[in-house]
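If you scroll down you'll find the structure; I have some questions about it.
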Amino acid sequence: MPEIDAPHTSEPKGAKYILTCLGIGLLAGLMSGLFGVGGGTVIVPLLVLILAYNQRLAAGTSLAAIVPTATVGVIAYALNGSVAWIPALILAAGAVVGAQIGTWLLPRVSLFALRWAFIAFLLGVIVSLFLVIPSRDAGLPLTVWSIIGLVVLGLITGTIAGLIGVGGGIIVVPALMLLFGTSDLIAKGTSLLMMIPTAISGTIGNIRRANVDLKAAALIGVAACTTTALGAWIATLVDPFWGNVLFAAFLVFIATQMAVRTIRSRKA
């Protein structure tokens, strides 16, 4: 039987709640701009670890906060010519449908299984970072097969985004570099553009199912907007290999913390 998930009823209202949301947003925005992700890999685990949100509410809140964060990131990358607009729209077409599938599955999946799936997902991303050799010169040409591949990638990404509350960048960025041979900067800018409609679609589904804290999402999103452009600027300065190493180290820390919490909750 699936694990019963009690709703997050003790909604914090004080200074700790506000400052925590703002701090999470600042860090998520920096990571978003630097690595081309929506920030869900920061937001979800920190909401769970610090504010004791359940996994489902954290996922829904993260997805809502990603909308303004990704928007600012796209602007920053577009100013440097690092956004493939048409491929991003193709990705988004598949991702919007996938996000609805993911949010439909969210309340039907065991919390214990969902936590371990999230941890396994992070470990998969870590491995992929060392399989990719980023290039600053490669583009993203469109062919019949690449269009089909982008639609499928978008569908898979959207489903995972709706299910675990990430914008999809940690799937799309490595996939575009590894499978499509795209420049790391174009992969990041394109990923951020793709995740805007994906996050909006998923958030609509989460609101209908009461899986989002809009107040926290607003605080995190606004704070993230102040550091996203800074992260995007740093991305142009950091060597792609060392950027991957730093991101992998961060994900190892997050995955470890989530695993410890999940094991303890099972024993309790």
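Suppose the Debye formula is applied to equal point scatterers at every Cα of segment 15-267; what is log10 I(q)/I(0) at q = 0.14, 0.16, 0.17 Å⁻¹?
Debye curve over Cα of segment 15-267, log10 I(q)/I(0) at q = 0.14, 0.16, 0.17 Å⁻¹: -0.82, -1.09, -1.24.
Label-point separation (nm) for Ala113 and Trp145, each offset 7 Å from Cα along Cα-to-Cβ?
3.5
While we're looking at this one, here's another question. Report, in degrees rounded to the nearest 10, the 0 to 90 angle that the Cα long axis of helix 85-105 makes with the longest principal axis of the chain.
Between helix and principal axis, roughly 20 degrees.
Rank Trp85, Leu51, Leu150 by how far each Cα sits towards the positive end of the charge dipole of the chain (+1 on Lys, Arg Cβ; -1 on Asp, Glu Cβ) and give me just the farthest.
Leu51
Here's something else I'd like to know. Given the -39500 (n - 2.57) contribution per DSSP H run of 4+ residues, what per-residue ellipticity at 222 nm results for the chain, rounded to the nearest 500 deg cm²/dmol?
Values: 10 runs with 207 residues, N = 268.
Calculated mean residue ellipticity at 222 nm is -26500 deg cm²/dmol.
Next question. Quick one: dipole size for the chain, taken about the Cα centre, charges +1 on Lys/Arg Cβ and -1 on Asp/Glu Cβ, in debye to the nearest 20.
Values: 14 positive and 7 negative charges, 151 e Å.
Taking the Cα centre of the chain as origin, the dipole is about 720 debye.
Next question. For Leu153, Leu214, what ranking results if the residue with the fewest other Cβ atoms within 10 Å of its Cβ goes first? Could the numbers behind the result be given before it?
Numbers: Leu153 25, Leu214 15.
By the 10 Å Cβ count, ascending: Leu214, Leu153.
Kindly put Ser191, Ser146, Ser82 in sequence by how many other C-beta atoms sit within 10 Å of each C-beta, fewest to most.
Values: Ser191 34, Ser146 16, Ser82 23.
Fewest to most other Cβ atoms nearby, the residues stand as Ser146, Ser82, Ser191.
Across 10 Å bins from 0, what is the distribution of all Cα-Cα pair distances for segment 67-137, in whole percents?
Computed distribution, short to long bins: 14, 27, 43, 14, 1.
Compute the length gained on full extension between Leu131 and Leu179: take 0.36 nm times their separation in residues and subtract their Cα-Cα distance, giving the result in nm to one decimal. Each step should come with its number before you reach the end.
Details: separation 48, 0.36 × 48 = 17.28 nm, distance 1.06 nm.
Gain on extension, Leu131 to Leu179, equals 16.2 nm.
Something else: In segment 199-268, how does Rg compare with the Kirkwood Rh, expressed as the Rg/Rh ratio over alpha carbon atoms?
On the way: Rg = 17.0 Å, Rh = 15.5 Å.
Rg/Rh for segment 199-268 comes to 1.10.
So, one more: In whole angstrom, note down how far apart the Cα centers of segment 139-204 and segment 56-114 are.
9
Under 1.5 on a/c is rounded, so check that first for segment 145-225, then, if it is not, pick prolate when a/b is larger than b/c and oblate when it is not; a ≥ b ≥ c are the square roots of the alpha carbon gyration tensor eigenvalues.
Numbers: a/c = 3.07, a/b = 1.69, b/c = 1.82.
Here segment 145-225 falls in the oblate category.
Another question, if that's okay. State the extension gain, in nm to one decimal, for the chain segment bounded by Leu89 and Ile234, taking 0.36 nm per residue of separation less the distance between their alpha-carbons. Working shown, then result.
Details: separation 145, 0.36 × 145 = 52.20 nm, distance 2.58 nm.
Length gained, Leu89 through Ile234: 49.6 nm.
Related question: Angle, helix 111-129 long axis vs. longest principal axis of the chain, Cα atoms, 0 to 90°, nearest 10?
20
Which residues in segment 85-105 have a backbone N closer than 19 Å to a point placed 7 Å from the Cα of Ile75 along the Cα-to-Cβ line?
85
Among Ser128, Ser201, Ser62, which one moves the most in a GNM of the chain with springs linking Cα atoms closer than 10 Å?
Ser128
Also: Nearest 10 degrees, 0 to 90: what angle lies between the long axis of helix 240-267 and the longest principal axis of the chain (Cα atoms)?
That works out to roughly 20 degrees.
Could I ask something else about it? From the residues Val212, Gly33, Cys225, which one has its Cα farthest along the dipole of the chain in the positive direction, the dipole being from +1 and -1 charges on Cβ of Lys/Arg and Asp/Glu about the Cα centre?
So the residue furthest toward the plus end is Val212.
Coordinate-derived values only; no laboratory data. Computed from a prediction, not measured in an experiment: that's the story for all the values here. Note that each Cβ is placed from the backbone with ideal geometry, even for glycine, and that neighbours are counted across all protein chains shown.
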